[in-house]
Amino acid sequence: MEVMSAENNSCCLNNGDVVEKMKRFGRLTCRKIWKVGKEDKRRVIHSLKVGISLSLVSLLYLMEPLFKGIGENAIWAVMTVVVVLEFTTGATLYKGLNRGLGTLLAGLLAFLIERIANESDHIFHAAFIGTAVFLVGAVTTYMRFFSHIKKNYDYGVVIFLLTFNLITVSSYRVDSVLKIAHERFYTIAIGCGICLLMSLFIFPIWSGEDLHLSTVAKFDGLAKSIEVCINEYFSDGNINQQEEKVKKYSMEMEDPIYKGYKDVLDSKSSDETLALYASWEPRYLRSCSWQQYVKLGTVLRHFGYTIVALHGCLQTEIKTPQSVRVLFKDPCNRLAREVTKTLKELSDSIRNRRKYCSEIPSNHVHEALQDLIDALKSQPRLFLSTNSNTNILLALATLATRQKSGKDFLVSLPSVNNDDPARLGLSHVLKEGDKKILRPTLSKNGITSLEFLEALPFAAFASLLVEIVARLDLVIEQVVELGRVAQFKEYSHDDVVINVSCDNNPRVESEFPSSHTAAD
């Protein structure tokens, strides 16, 4: 009885664990469903539209009068809705029109070949159909390699090839195949018509609008990355705390700098796809601005690569001491502030579909850049190496080569991570057995060389800031060109721009003085 009681208790515990796991799984599933819908409410709308469309085409099969008129081919309408109805209107138009046009052309060509083949005997009929299938298949497949056809009509070409082969080959054995093809064409047309009506008139989701908003989000993300990167680089905390913070972000994948530029670097495929679908939408047929959006996305990715390198300066093994960084904190902060401000202004101009005036921001950015250059020139001993300094650098490289593992070399440069001026001497840098190599040069030149080594990481950081300014000019040029191609409204001094700060608190401010006009 004790054994049976123990077994019953064990079973109860196991059942309790299973019930608890099922409850936890249910809660996680509900949270996931809620999260997906909360991220983009249009997903819920699209799901409902697909359900309604499938219900409508199912009536062709469920209602007796419609089923007698169309027959079993009504199932092709259901298949068409499943395949054609996409998330955005442009994608639905692209697939629907390609499917309809491909089916129509394939049916007409198959009908023509069937009429010619029927005038011959049975043997020539088979040979003619085989030859036609070979020629059409080879030519159609070769046409798919043309860039314009592959980009715009690849789906329609595939449907054309599939439909043509089904009709032509089946007509050799089935006498009523053309009648079946005729009925299938009607059902496919009904399915495409329902998809187009649902996409165009029931809460339409435009690919062009998605491309427009994603471009705006790219500017905001890049501005956020630069601002956070500069703040972390010149933060008052010690270097060890910064390293721990970077490692924490890399482990949890929550680094705000990475999140800011990630979408920009991964946007090439989505930009090209959205631009393709936008070109099929009625509201964008008169404008070729979608191609300019793709060009702007390319320039932004190149701009983002520089921010990736700037982010890498926070994760280098050799750190510039805080005592050196503080010398250039103000000019770097000012330059970064002007760059982020310009990026936000570019974002606002695209968001409001207003031409961008590039005169005043460019002047401010270049003034900030000149301040940084002047600050760098004011500390020549940190960035200019003499011949004696070069000899010391070569000696350090020799020591690094002699050491088989990289651990000794990393340990041999403790001062790059230490702000204590008392430890700036080379006597503390090298191990006891290696001091004799550099002992004759332990002088003012030696100290200057070490300062030069410690300033090298910051020199890379500063050069990347200069590169950001250079690439920002290219971004501005593309935004101005986008405003011209897309026929954005002219800039007016009465416009009030809402700049969204990184803490998501909107602030309203006038963008430029009223005395300046928009750049064309």
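The values are calculated or read from the model by the stated rules, or taken from the named source; none is laboratory data. These numbers come from a predicted model, not from an experiment. Methodologically, a virtual Cβ is constructed for each residue, glycine included, from the backbone with ideal geometry; neighbour enumeration extends over all protein chains shown. Heavy atoms of the whole protein, side chains included, go into the accessibility calculation; ligands, DNA and RNA do not. Shrake-Rupley method; radii C 1.70, N 1.55, O 1.52, S 1.80 Å.
Here are the numbers:
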{"quantity": "Condition check for E39: open to solvent by 80 Å² or more (accessible area, probe 1.4 Å), closer than 30 Å to R283 by Cα and either in contact with a Pro (Cβ under 7 Å, 6 or more places away or on another chain) or modelled with pLDDT under 90 (or both)", "calculated": "yes"}
{"quantity": "Single residue of the range 127-145 satisfying the filter (open to solvent by 40 Å² or more (accessible area, probe 1.4 Å) and touching a helix residue (DSSP H, G or I) at 6+ places or on another chain (Cβ under 7 Å)) that is farthest from V83 (Cα to Cα)", "calculated": "F128"}
{"quantity": "Test for S235: is it among the hydroxyl-bearing types (S, T, Y), within 22 Å of K341 (Cβ to Cβ) and at pLDDT 90 or above", "calculated": "no"}
{"quantity": "Filtered residues of the range 310-352 (kept if acidic (D, E) and in contact (Cβ under 8 Å) with a residue 60 or more places away in the chain)", "calculated": "E317, E345, D348"}
{"quantity": "Residue within the range 75-84 that is among the aromatic types (F, W, Y), within 30 Å of M63 (Cα to Cα) and out of contact with any His (no Cβ under 7 Å at 6 or more places or on another chain) present", "calculated": "yes"}
{"quantity": "Single match in F145, F185, F160 (criterion: under 30 Å from L93 (Cα atoms), outside any helix (DSSP H, G or I) and not hydroxyl-bearing (S, T, Y))", "calculated": "F145"}
{"quantity": "Considering residues of the range 266-279 that are open to solvent by 50 Å² or more (accessible area, probe 1.4 Å) and of a type outside the set (S, T, Y) only, the residue nearest to the chain's Cα centre (by Cα)", "calculated": "D266"}
{"quantity": "Conditions (1) modelled with pLDDT under 80; (2) surrounded by 15 or more Cβ atoms within 10 Å (Cβ to Cβ); number of the one not met by A368", "calculated": "(1)"}
{"quantity": "Unmet requirement for F87, which otherwise passes all of (1) touching a helix residue (DSSP H, G or I) at 6+ places or on another chain (Cβ under 9 Å); (2) assigned to a helix (DSSP H, G or I)", "calculated": "(2)"}
{"quantity": "Scope the range 285-304; condition open to solvent by 40 Å² or more (accessible area, probe 1.4 Å), out of contact with any Lys or Arg (no Cβ under 9 Å at 6 or more places or on another chain) and part of a helix (DSSP H, G or I); matching residues", "calculated": "W290, Q291, K295"}
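Per-residue answers, yes or no, for (1) surrounded by 13 or more Cβ atoms within 10 Å (Cβ to Cβ); (2) of a type in the set (S, T, Y):
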position: M22; (1), (2): no, no
position: L28; (1), (2): no, no
position: L56; (1), (2): yes, no
position: T103; (1), (2): yes, yes
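Residue-by-condition table, conditions (1) open to solvent by less than 50 Å² (accessible area, probe 1.4 Å); (2) touching a residue at least 24 places away in the same chain (Cβ under 8 Å):
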{"position": "H125", "(1), (2)": "yes, yes"}
{"position": "S147", "(1), (2)": "no, no"}
{"position": "I159", "(1), (2)": "yes, yes"}
{"position": "Y186", "(1), (2)": "no, yes"}
{"position": "G191", "(1), (2)": "yes, yes"}
{"position": "S199", "(1), (2)": "yes, yes"}
{"position": "L222", "(1), (2)": "yes, yes"}
{"position": "C229", "(1), (2)": "yes, yes"}
{"position": "E232", "(1), (2)": "yes, yes"}
